[in-house]
Amino acid sequence: MHGATTIAPMKSIRLHEGKERSLLRRHPWVFQGSVAKGKADPGETVRVEAADGRFLAWGAYSPTSMIRVRAWSFDEAERVDAAFFARRIAAAVALRRRLPVASDGVRLVHGEADGLPGLIVDRYGDTLSAQFLSAGAERWRDVIADALLAATGCTRLYERSDSGTRGLEGLEARSGWLRGEGESRLTITEHDWRLTLDVALGHKTGFYLDQRDNRALLARWVRHFGLQRVLNCYSYTGGFTVAALAGGAAHVTSVDSSAPALVLLADNVALNGFDAARSEALDADVNGYLRQALKDGRHFDAIVLDPPKFAPTASHAERAARAYKDINRLALKLLAPGGLLLSFSCSGGIGAELFHKIVAGAAADAGVDGAILQRLEGACDHPTTLVFPEGEYLKGLAILKRA
Ligand code: SAH
């Protein structure tokens, strides 16, 4: 049953003195320790109030999560009902229409940044792929699915609610067609190339749209500097591989530990008309591969390092920092003089400044100097908003090694 049709009175969550500050700034999270009293069912809409009873927000209650309430609205007059979700989703979709996105693969809803905490939606051509990651998003799942179809004109929506973070919300993993059905393998057009992905078998919703602009940058720089031998580490389905080949690289070595991703990588190389001899895909651990390549005396003119999240939260930052430093040190050594390194971190727990320090430390250990060509970030359809800096996760550096 949805909040909109509930006849029981709205439940209230009362905060401790002083704990209203972040909500007053429209930050959408209420941590467990801030709650003085009140409880509700998973995903139920609650009235969050300050210690003096003043209204702060309408939010979704999550009984097991550290983030006990995620705010839907800071407007006391607004009702959290089907029309509310239709408005929020329409606004998110309208924003994407205004943004310069060079692809028919687009992040349509980026959780908190779109006022929809716990909801991630990507559009791949005529198909939507969504993650419902919070108790609130889960409770409104059907309403949200209908609103997504109405706002986009898409008829198919695949659900990928199988992320580990669902466990923190007390939710089971679930995946499958939620609306419509069909082939889970889809092909999008990104920049000048075509990329096949699989919404059922792929990671997250199927593809890493956030790296779209950085793939274009790689293609441009490979062409500009005339880079020939490229190493794409953590290649997944080969987005950066195709970009490097499109930029004119003679040969790309791609390394990933996911065999299904590498099958799609080979398909993507062929789909774009590149000779298979220009691409080599290795099912291997990147760290081990880098060490071996160094022993073998190999060199590359460009290296991409796009590892998985080593630090999900700030508490993992120290161990993650060592792991980032290690691969960056190895990559900087493997890079030929004058070569280009694109190095990324998608860890929320590692800020851009810390990441810069880590890579600088790696360069010092490698005895390498270089010029930072550009600081890199996620594409603009994955916005970081002013009120929710936690949303910032992907950062990177483009470094040109001294010749
Ligand atoms: N650059 C990719 C996205 C990379 S996501 C793109 O543009 O699409 C991170 C990838 O790292 C995943 O494909 C995952 O399978 C891979 N991976 C995780 N740990 C790994 C390891 N130790 N060695 C090699 N690959 C790994």
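The values are calculated or read from the model by the stated rules, or taken from the named source; none is laboratory data. No experiment lies behind these values; they were computed from the predicted model shown. Note that we place each Cβ from the backbone using ideal geometry, even for glycine, and neighbour counts take in every protein chain shown. When the accessible area is computed, the model is the full protein with side chains, heavy atoms only, and any ligands, DNA or RNA have been set aside. Shrake-Rupley method; radii C 1.70, N 1.55, O 1.52, S 1.80 Å.
Every residue, every condition in (1) in the same structural domain as E112 (by TED's automatic domain parsing); (2) under 21 Å from V109 (Cβ atoms); (3) among the aromatic types (F, W, Y); (4) assigned to a helix (DSSP H, G or I), yes or no:
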residue: H27; (1), (2), (3), (4): no, yes, no, no
residue: K39; (1), (2), (3), (4): no, no, no, no
residue: V48; (1), (2), (3), (4): no, no, no, no
residue: G53; (1), (2), (3), (4): no, no, no, no
residue: A86; (1), (2), (3), (4): yes, yes, no, yes
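Number of residues in the range 331-356 that are within 15 Å of the chain's Cα centre (by Cα) and hydroxyl-bearing (S, T, Y) equals 2.
Per the conditions (1) open to solvent by less than 20 Å² (accessible area, probe 1.4 Å); (2) away from the ligand (no atom under 16 Å from the Cβ); (3) touching a Lys or Arg at 6+ places or on another chain (Cβ under 6 Å), the sole criterion not satisfied by S347 is (2). Scanning the range 154-185 for residues that are farther than 25 Å from V69 by Cα and not in a strand (DSSP E or B), we see that the one that is least open to solvent (accessible area, probe 1.4 Å) is C154.
Per-residue answers, yes or no, for (1) modelled with pLDDT of 95 or more; (2) within 18 Å of K401 (Cβ to Cβ):
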{"residue": "N328", "(1), (2)": "yes, yes"}
{"residue": "S345", "(1), (2)": "yes, no"}
{"residue": "G348", "(1), (2)": "no, no"}
{"residue": "A366", "(1), (2)": "yes, yes"}
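For C233, the conditions (1) open to solvent by 10 Å² or more (accessible area, probe 1.4 Å); (2) of a type outside the set (A, V, I, L, M); (3) closer than 23 Å to P337 by Cβ; (4) in contact (Cβ under 8 Å) with a residue 60 or more places away in the chain are fulfilled apart from (1). The condition of being within 21 Å of V46 (Cα to Cα), crowded, with 24+ Cβ neighbours inside 10 Å, in contact (Cβ under 8 Å) with a residue 24 or more places away in the chain and over 16 Å from the mean Cα position of the chain (by Cα) holds for only one of G59, G118, that being G59. Screening A130 with (1) without any contact (Cβ under 8 Å) to a residue 60 or more places away in the chain; (2) small (G, A, S); (3) open to solvent by less than 10 Å² (accessible area, probe 1.4 Å) gives one miss only, at (1).
Residues that are more than 16 Å from the ligand (Cβ to nearest atom) and not in a strand (DSSP E or B) occur in the range 318-328; there is at least one.
I'm trying to understand the selection: among the residues of the range 251-279, which are charged (D, E, K, R) and either in contact (Cβ under 8 Å) with a residue 60 or more places away in the chain or exposed (fewer than 15 other Cβ atoms within 10 Å of the Cβ) (or both)?
D267, D275, listed by residue number.
Taken together, the residues in the range 186-210 that are open to solvent by 60 Å² or more (accessible area, probe 1.4 Å), part of a loop (DSSP other than H, G, I, E, B) and modelled with pLDDT of 95 or more amount to 4. Within the range 214-229, the residues that satisfy the criterion of being away from the ligand (no atom under 13 Å from the Cβ) and in contact with a His (Cβ under 8 Å, 6 or more places away or on another chain) are Q228, R229.
Exactly one residue among T237, T196 is within 29 Å of L99 (Cα to Cα), within 9 Å of the ligand (Cβ to nearest atom) and either in contact with a helix residue (DSSP H, G or I) (Cβ under 7 Å, 6 or more places away or on another chain) or of a type in the set (D, E) (or both), and that residue is T237. Of all residues in the range 227-254, those satisfying the criterion of being of a type in the set (A, V, I, L, M) and farther than 25 Å from S184 by Cβ are L227, V230, L231, A244, L245, A246, A249, A250, V252.
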